[in-house]
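Dropping a structure here in structure tokens format, bear with me for questions.
All of the numbers you see were taken from the coordinates with simple rules; none came from a lab. Nothing here was measured: the structure is a model prediction, and the numbers come from that model.
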Amino acid sequence: MKKKTCLRHLTVLALGVAISGFASEPKGTAVRVALFDDAGSFGKGIPSVSEQLGKAPGFRVTKLKGSQIGDGTLKNESFDVVIFTGGSGSKQSKAIGEAGLAQVRGFVENGGGYIGICAGAYLACEGFSWGAKILDAKTVSSKWKRGVGDVKVEFTGKGREILGFPAGQFDIRYANGPIYTTAGSPVIPDFEPLAHFRTEFSENESPVGAMLGSPAMVAGAFGNGRVLCSSPHPEQTTGMEGFIARAVKWAAGR
């Protein structure tokens, strides 16, 4: 219990605006982003993230294949943040392999940032055998085909601080993203919700009510690194184009 209490304290520190675990960066230095672009990532995620970071100043994006992540190309000397977008979390895991999962864990543990959207949010979970296990989360049900369309979310105070959205509810695109609950890991700090679902999909015999009030976006710490995951798709939602740049800056400790 003492160990978990200590980790929770570290989580509070890690979720702050400033954190000593990150080396200071010279002003004007671009945030170096590794964007996974291989089997398991499909749809509009990769082009949307590429376009939005391309338009924002201060980012340098490099697309990486699964084999490159597995062979050690993803290293802290070369990148500040890695992004996994939508598609299939288990297929992303297969594409990078056990070696790639270890590289992702090591990258974040040593101070790198991780952004996961939909499938990439599944990939971060501790609660899957194929997960990267950098976020103390699992899904409330194995019935993941909840539905596709717009839902409403509401940002928490921490979510508004990190991501820049005002108070109130917002429509956002959802496509079978994870419905998170704590996995209870004794070694991974607890995550903090950044937004909650205010409406839901419950198709294909998925449990009714499980989505309402559950975390839609979360932030956590793993080692010296930061993890930010979104179940829905802000990068594909009109009016939320600034999400990815703000998320990446936070994950990079900027």
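Calculate the translational D of the stretch 61-176 in whole µm² s⁻¹ from Stokes-Einstein, where the hydrodynamic radius comes from the Kirkwood formula applied to all Cα pairs, the temperature is 20 °C and the viscosity 1.002 mPa s.
Estimated via Stokes-Einstein, D reaches 139 µm²/s.
Shifting gears a bit: What pairs in Lys94/Lys133; Lys63/Lys152; Lys55/Lys133 have C-alpha atoms more than 25 Å from each other?
Lys63/Lys152; Lys55/Lys133
Which aspartates and glutamates have a Cα less than 17 Å from the Cα of Lys158, not counting those fewer than 8 places away in the same chain?
Cα-Cα hits under 17 Å: Asp190, Glu192.
In whole Hz and in residue order, list the ³J(HN,Hα) couplings for the stretch 110-125 that follow from phi through the Karplus curve 6.51 cos²θ - 1.76 cosθ + 1.60, θ = phi - 60°; x for Gly and Pro.
8, x, x, x, 10, 10, x, 10, 6, 4, x, 6, 4, 4, 5, 5
Tell me, what ³J(HN,Hα) does each residue in the stretch 75-89 have, in order and in whole Hz, if you take phi through Karplus 6.51 cos²θ - 1.76 cosθ + 1.60 with θ = phi - 60° and put x for Gly and Pro?
9, 5, 6, 10, 9, 9, 9, 10, 10, 10, 9, x, x, 9, x
Could you list which residues have their amide H under 5 Å from that of Val140, counting only those 5 or more apart in sequence or on another chain, with H placed in the peptide plane?
Ile179, Thr181
Please work out how much length the chain gains when fully extended from Leu212 to Trp130, using 0.36 nm per residue of separation minus the C-alpha to C-alpha distance, in nm with one decimal.
26.8 nm
Same structure, new question: Give me the base-10 log of I(q)/I(0) for the chain at each q in 0.11, 0.13, 0.15 Å⁻¹, Debye formula, one uniform scatterer per Cα, rounded to two decimals.
The Cα Debye sum returns log10 ratios of -0.51, -0.73, -1.01.
Want the number for Ala56 to Glu161: 0.36 nm per residue separation, take away the alpha-carbon distance, what's left?
Residue separation times 0.36 nm, minus the Cα-Cα distance, leaves 35.9 nm.
Another question about this same structure. Where Rh is the Kirkwood radius over the Cα pairs of the stretch 30-93, the temperature 37 °C and the viscosity 0.692 mPa s, what D in µm²/s does Stokes-Einstein return?
After rounding, the answer is 273 µm²/s.
Further question on the same structure: How high is the relative contact order of the chain, in percent, counting Cα pairs under 8 Å that sit 6 or more residues apart?
22
With θ set to phi - 60° and the Karplus curve 6.51 cos²θ - 1.76 cosθ + 1.60, what are the ³J(HN,Hα) couplings of the stretch 179-195 in order, to the nearest whole Hz, using x for Gly and Pro?
Karplus values, whole Hz, x for Gly and Pro: 9, 7, 9, 5, 7, x, 5, x, 10, 9, x, 4, 7, 10, x, 9, 7.
Okay, moving on. Percent of Cα-Cα pairs more than 21 Å apart in the stretch 164-231, please.
Taking all Cα-Cα pairs of the stretch 164-231, the fraction more than 21 Å apart is 31 percent.
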